[in-house]
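Below is one structure, written out as structure tokens; the observations come after it.
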Amino acid sequence: MSYTSGNTTSSAFPILDMMLQMQQIGLRAMTLYRPVTSAFLDAVADTERAAATDLAGARRGRASREAAGHEAAGERVIAVGEEVLNVGTRVVPGKTTRVRRVVVESPVQQDVTLHTETVVLERRRPQTSIGQDVLTEVTIEMSETNEVPVVSKSVHLVEEVLLRKEVTARTETIRDTIKRDKLEIEAPSQLPVVFNPEQKQDDRKRPGGNQERKQSVASIHAEGKSGETRGQEH
């Protein structure tokens, strides 16, 4: 038996009335707290989206690092390099030779012979017949001469001085150290070591490279044999 009064349904059983009231209270609470619930759900969704974005960025960073490390599917590449000694030449100033021409004076002397003429009056017997020029007034003059030194200077070339450069070659040994990468391989004894044909060509071009490759392969085989020996002993 039950009866209705407004929105409230009364029943003859108190337990049923209590359950109906609790249901109504729950519906009212959901109606009141619906905005808070939606805000909470929106915050959770934003957090999930941010986490997904971070995860995608981490995956992209990991992919870029793998690409930078030359990693392919099932392969990893390690670059091995070495330094090469490049020796060149350059011109640097050296000693300077300077030739300067200056004028100097030095005393000199030289002997010279000078002649002096002197008029000598000499009387002698006549050697010609009497001519018409006697018993007349005659004046005869004769002058004396003397030599004096006359000095003049002239310039003539004695020698020439030539400046030129001579190039001489010498061999000098340059000693230095270079760096290179060395591989330390820890591999099982049955692991084969294969070199590419390009590396073999490089080894043929470099005289010391092939020997180093052979030594590394020999060391790997020696290490493998020693590992097998230790395993047999144990």
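Listed values, structure above:
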| quantity | calculated |
| --- | --- |
| Count of the range 88-116 residues which are open to solvent by less than 100 Å² (accessible area, probe 1.4 Å) and assigned to a loop (DSSP other than H, G, I, E, B) | 8 |
| Check on Glu122, open to solvent by less than 100 Å² (accessible area, probe 1.4 Å) and of a type in the set (Asp, Glu) | no |
| Scan of the range 12-22 for residues that are at pLDDT 75 or above and open to solvent by 100 Å² or more (accessible area, probe 1.4 Å), ordered by number | Ile15, Met18, Met19, Gln21, Met22 |
| Those residues of the range 75-87 which are surrounded by fewer than 10 Cβ atoms within 10 Å (Cβ to Cβ), closer than 30 Å to Arg175 by Cα and of a type in the set (D, E, K, R), in sequence order | none |
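To keep it simple, each residue is scored yes or no on (1) out of contact with any helix residue (DSSP H, G or I) (no Cβ under 8 Å at 6 or more places or on another chain); (2) open to solvent by 100 Å² or more (accessible area, probe 1.4 Å); (3) closer than 30 Å to Arg101 by Cβ; (4) acidic (Asp, Glu).
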{"residue": "Thr136", "(1), (2), (3), (4)": "yes, no, no, no"}
{"residue": "Pro149", "(1), (2), (3), (4)": "yes, no, no, no"}
{"residue": "Glu159", "(1), (2), (3), (4)": "yes, yes, yes, yes"}
{"residue": "Leu163", "(1), (2), (3), (4)": "yes, yes, yes, no"}
{"residue": "Ile174", "(1), (2), (3), (4)": "yes, no, no, no"}
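Conditions tested, residue by residue: (1) touching a Ser or Thr at 6+ places or on another chain (Cβ under 9 Å); (2) acidic (Asp, Glu); (3) at pLDDT 75 or above; (4) closer than 30 Å to Asp181 by Cα.
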residue	(1), (2), (3), (4)
Pro35	no, no, no, no
Gly57	no, no, no, no
Glu66	no, yes, no, yes
Gly74	no, no, yes, yes
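The values are calculated or read from the model by the stated rules, or taken from the named source; none is laboratory data. The shown structure was predicted, so the numbers you read here are calculated from the model rather than taken from an experiment. Because the Cβ atoms are built from the backbone with ideal geometry, glycine has one as well, and the counts that use them run over all protein chains shown. We work out accessible area using only protein heavy atoms, side chains counted, and drop any ligands, DNA or RNA first. Shrake-Rupley method; radii C 1.70, N 1.55, O 1.52, S 1.80 Å.
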